Amino acid sequence: MARRLLIAGNWKMNQTKREAVAFAEAVATRLAAGRPDADLLICPPATLVDAMTGASSGSGLAIGGQDCHTAKNGAHTGDIAAPMLKDLGASHVIVGHSERRADHGETNAVVRDKAAAAHASGLVAIICIGETEAERDAGKTLAIVESQFAQSLPAGATPDNTVIAYEPVWAIGTGRTPPLPEVAEVHAAIRASAENALGAEAAARLRILYGGSMKPSNARELLALDDVDGGLIGGASLKVEDYWAIVTAGTAAV
Ligand code: PEP
């Protein structure tokens with residue numbers, strides 16, 4: 001089953017409005033010269049979503065949020081609701097990133113409810129799962145990832161409204177990546193879990209991204225793996241040249 005690659009950037013808590021607009025315009029210029037066979041997405045801080053959806057409008061570059069609340073509005077100072085992201089033109093939202101699980105104590109149940117809130121607003125939820133280094137060293141990678149997947153997936157998830165991002169926590173921002181066979185094994189296990197949860201046809205269409213120190217020099221080999229359907233990229237998505245090099249590496253890999 002051919003799944004279209006999704007090359008998604010997670011900017012975390014970085015970039016100014018000027019930098020964000022310049023990035024969107026530079027990607028739009030590249031896309032005007034030729035569309036790669038991949039979906040392109042950047043998830044900037046919420047402060048930049050409006051400016052970026054404006055600057056990238058019609059270009060083929062989609063813009064997403066990095067988090068949303070479980071509720072659609074209410075007394076939650078400092079939080080962002082999924083309908084607010086939708087209102088600004090966002091198409092996706094990341095939920096359950098390991099930094100939010102660690103910094104904000106987000107459990108699988110909270111992540112599941114955030115994904116459900118995203119779906120209710122018409123956003124695609126990118127649900128992040130992944131083991132810590134201690135869990136990997138203890139040989140628990142598959143068990144952790146499978147249970148996070150099962151517990152973070154809301155009722156009503158489909159391959160059209162949900163993307164899974166496998167991000168080994170120890171690989172994020174460290175320059176380290178798992179050996180390719182290990183990435184392949186985990187992605188295959190996630191797809192098998194998706195078959196149980198969603199059925200074979202939906203599991204075959206579900207996109208499963210790899211995230212964790214993906215960069216131009218390793219993107220091609222990672223994106224060429226059978227069950228790797230794109231990347232969630234932190235540091236290397238901040239510069240247009242690096243992001244675009246990953247896009248072109250990915251489309252050359254498939
Ligand atoms: C991330 O934060 O989702 C991520 C994968 O970061 P990096 O690419 O910098 O490891």
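The values are calculated or read from the model by the stated rules, or taken from the named source; none is laboratory data. This is a predicted model, so every value here is computed, not measured. Reconstructed Cβ throughout: ideal geometry from the backbone, glycine too, with neighbour counts over all protein chains shown. Side chains are part of the model used for accessible areas, which takes the heavy atoms of the whole protein and leaves out ligands, DNA and RNA. Shrake-Rupley method; radii C 1.70, N 1.55, O 1.52, S 1.80 Å.
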> For the stretch 168-254, what relative contact order do you get, as a whole percent, if you take Cα pairs closer than 8 Å and at least 6 residues apart?
Replying inline: 30 percent
> Taking a ≥ b ≥ c as the square roots of the eigenvalues of the Cα gyration tensor of the stretch 113-193, is the shape rounded (a/c under 1.5), prolate (a/b larger than b/c) or oblate?
Replying inline: prolate
> Within the P(r) computed for the stretch 68-167, what percentage of the Cα pairs occupies the region above 21 Å?
Replying inline: 31 percent
> Which one of LEU206, LEU48, ALA32 has its Cα pushed farthest toward the positive end of the charge dipole of the chain, where Lys and Arg give +1 and Asp and Glu give -1 at the Cβ?
Replying inline: ALA32
>> Taking only the Cα atoms of the stretch 27-69, how large is their convex hull per residue, in Å³?
In response: 67 Å³
> Could you work out Rg/(2.2 N^0.38 Å) for the chain, with Rg from alpha carbons only?
Replying inline: 0.93
> How far is the Cα center of the stretch 139-167 from the Cα center of the stretch 1-31, in Å?
Replying inline: 24 Å
> Given a 1.4 Å probe and every protein chain left where it sits, what share in percent of the accessible area of the stretch 18-253 is carbon and sulfur?
Replying inline: 51 percent
> Counting Lys and Arg as +1 and Asp and Glu as -1, each charge on the Cβ, what is the dipole of the stretch 19-119 about the Cα centre in debye, to the nearest 20?
Replying inline: 220 debye
> Peptides 9-16, 67-74, 119-126: what's the order by average Cβ count within 10 Å, highest mean first?
Replying inline: 119-126, 9-16, 67-74
>> Between SER57 and ALA197, how high is the FRET efficiency from 1/(1 + (r/R0)^6) when r is the Cβ-Cβ distance and R₀ = 45 Å? Nearest 0.05.
In response: 0.80
>> What percent of all Cα-Cα pairs in the stretch 170-254 falls into each 10 Å bin, going from 0 up to the bin containing the maximum distance?
In response: 19, 47, 27, 7
> What is the gain in length, in nm to one decimal, between GLU241 and ALA120 on full extension, counting 0.36 nm per residue of separation less the C-alpha to C-alpha distance?
Replying inline: 40.1 nm
>> Under a Cβ-only charge scheme (Lys and Arg +1, Asp and Glu -1), can you give me the dipole magnitude of the stretch 18-253 about the Cα centre, in debye to the nearest 20?
In response: 380 debye
> How large is the accessible surface per residue of the stretch 59-105, computed with a 1.4 Å probe and reported in Å² as a whole number?
Replying inline: 48 Å²
>> Net charge within 13 Å of ARG205 by Cβ-Cβ distance, Lys/Arg positive one each and Asp/Glu negative one each, not counting ARG205 itself?
In response: -1
